[in-house]
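The values are calculated or read from the model by the stated rules, or taken from the named source; none is laboratory data. The structure presented is a predicted model; accordingly, all values stated were derived computationally and were not measured. Virtual Cβ from ideal backbone geometry, glycine too; neighbours counted across all protein chains shown.
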Amino acid sequence: MPNHDAIKAFVYSADLGSFSAAARKLGKAHSGVSTMIANLEIDCGLTLFDRSGRNPVLTDEGRTLLPHARGILLGNREFLATASSMAEGVETHLCLSIEQGISAKPLTPLIAEFTTKFPSVALEITTPSPASSAALLREGRTDIGLMAEQEGYPSGLQFRGLGYSKMIPVCAPDHPLAAYDQASYRELRQHRQILRHKSPVDGTSQQNEKKSATAWTVENPDLILDFVRSGFGWAELPISLVARSLQAGDLVQLHYAFQQNDLLEGIDLVWTEQRALGAAGQWVRDEVLKLPQTVWQDNW
């Protein structure tokens with residue numbers, strides 16, 4: 001097994017162009033570096049440097065092995081960083097779920113800071129449907145979740161409200177409802193509404209969203225968007241999901257004759273109390289809760 005210091009001497013000599021420079025970097029004598037590389041060449045059965053000139057030059061074999069040597073040094077640094085994090089109570093893996101229909105844009109600066117603060121933590125981000133968000137948390141398959149507000153949560157989940165996402169009623173430009181400046185309940189009820197399927201713990205909220213006598217229920221918000229653009233019906237969807245289609249003219253916004261205020265859907269941050277969050281998870285939770293509520297409504 002090659003000595004770790006010898007691998008380091010090999011990489012530094014190649015990068016700095018001389019054994020002397022590598023020795024200074026390592027805080028060792030020139031002869032010590034030269035000996036380590038000579039022993040490494042014996043272990044490999046290959047000549048890594050051509051020493052015929054003023055300064056050592058990598059051989060073809062040395063150039064081939066250099067990336068692998070860098071990988072060994074990187075792996076060692078990652079090993080030590082992970083071990084240090086674990087000793088400090090930092091988890092090695094964190095799963096964050098962002099429910100489909102909720103924009104991740106407000107989280108971008110936070111995630112950028114996370115990569116610097118917790119470089120050894122593997123971050124996994126999932127985008128579950130509204131019907132499965134709570135189940136992922138309850139079953140321990142995700143640590144922290146952003147999800148549409150629910151009227152009740154399963155036992156074992158903690159939650160805090162983050163703010164509200166603006167909901168937009170939309171239909172295709174050639175849909176009959178698009179002809180109305182303001183649509184009444186009567187007019188809405190005559191046309192199919194496409195609802196987002198939600199978890200059973202939502203209580204009556206799904207029923208409260210139903211404004212049409214005929215409704216389809218679809219789990220995936222992106223599929224709802226496709227159906228609405230295809231003229232299969234109309235829907236109330238988060239502004240972050242429909243903004244581009246509205247700008248492109250693929251959808252038009254409906255206006256209700258009976259409601260003057262914006263439609264708002266609450267967004268909650270949810271985590272399980274069955275398993276304690278590590279330092280990274282606690283940091284993410286606390287930083288998300290510090291975000292102003294307006295970012296969730298104005299993120300499109």
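Structure data summary
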{"quantity": "Elements of type helices (runs of 4 or more DSSP H) contained in the stretch 1-71, each with 1 or more residues being within 39 Å of the chain's Cα centre (by Cα)", "calculated": "4-16, 19-26"}
{"quantity": "The stretch 118-139, subset modelled with pLDDT under 90, outside any loop (DSSP other than H, G, I, E, B) and not aliphatic (A, V, I, L, M), residue surrounded by the fewest Cβ atoms within 10 Å (Cβ to Cβ)", "calculated": "ARG138"}
{"quantity": "Residues within the stretch 214-226 that are surrounded by 18 or more Cβ atoms within 10 Å (Cβ to Cβ) and at pLDDT 90 or above, tallied", "calculated": "3"}
{"quantity": "Verdict on SER240 being hydroxyl-bearing (Ser, Thr, Tyr) and over 22 Å from SER132 (Cβ atoms)", "calculated": "no"}
{"quantity": "Hey, ARG196 assigned by TED's automatic domain parsing to the domain that holds SER245, of a type in the set (Lys, Arg) and under 24 Å from the mean Cα position of the chain (by Cα) or not", "calculated": "yes"}
{"quantity": "Inter-residue pairs, beta-carbon under 9 Å, first assigned by TED's automatic domain parsing to the domain that holds LEU177 and in the stretch 240-252, second among the basic types (Lys, Arg) and exposed (fewer than 12 other Cβ atoms within 10 Å of the Cβ), 6+ apart", "calculated": "none"}
{"quantity": "Matching option when the condition is assigned to a loop (DSSP other than H, G, I, E, B) and under 19 Å from VAL288 (Cα atoms), among THR142, THR108, THR115", "calculated": "THR142"}
{"quantity": "Residue within the stretch 279-298 that is assigned to a loop (DSSP other than H, G, I, E, B), of a type outside the set (Val, Ile, Thr), surrounded by 18 or more Cβ atoms within 10 Å (Cβ to Cβ) and modelled with pLDDT of 90 or more present", "calculated": "no"}
{"quantity": "Given (1) touching a residue at least 60 places away in the same chain (Cβ under 8 Å); (2) closer than 15 Å to ARG275 by Cβ; (3) touching a helix residue (DSSP H, G or I) at 6+ places or on another chain (Cβ under 9 Å), number of the condition THR142 does not satisfy", "calculated": "(1)"}
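Results for (1) out of contact with any strand residue (DSSP E or B) (no Cβ under 6 Å at 6 or more places or on another chain); (2) at negative phi, shown as yes or no for each residue.
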site	(1), (2)
PRO169	no, yes
GLN182	yes, yes
HIS197	no, yes
GLY231	yes, no
TRP234	no, yes
GLN247	yes, yes
ASP250	yes, yes
LEU254	no, yes
LEU264	no, yes
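Residue-by-condition table, conditions (1) within 22 Å of THR217 (Cβ to Cβ); (2) in a strand (DSSP E or B); (3) hydrophobic (A, V, I, L, M, F, W, C); (4) touching a residue at least 24 places away in the same chain (Cβ under 8 Å):
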{"residue": "PRO154", "(1), (2), (3), (4)": "yes, no, no, yes"}
{"residue": "GLY161", "(1), (2), (3), (4)": "no, yes, no, yes"}
{"residue": "VAL170", "(1), (2), (3), (4)": "yes, yes, yes, yes"}
{"residue": "ARG186", "(1), (2), (3), (4)": "no, no, no, no"}
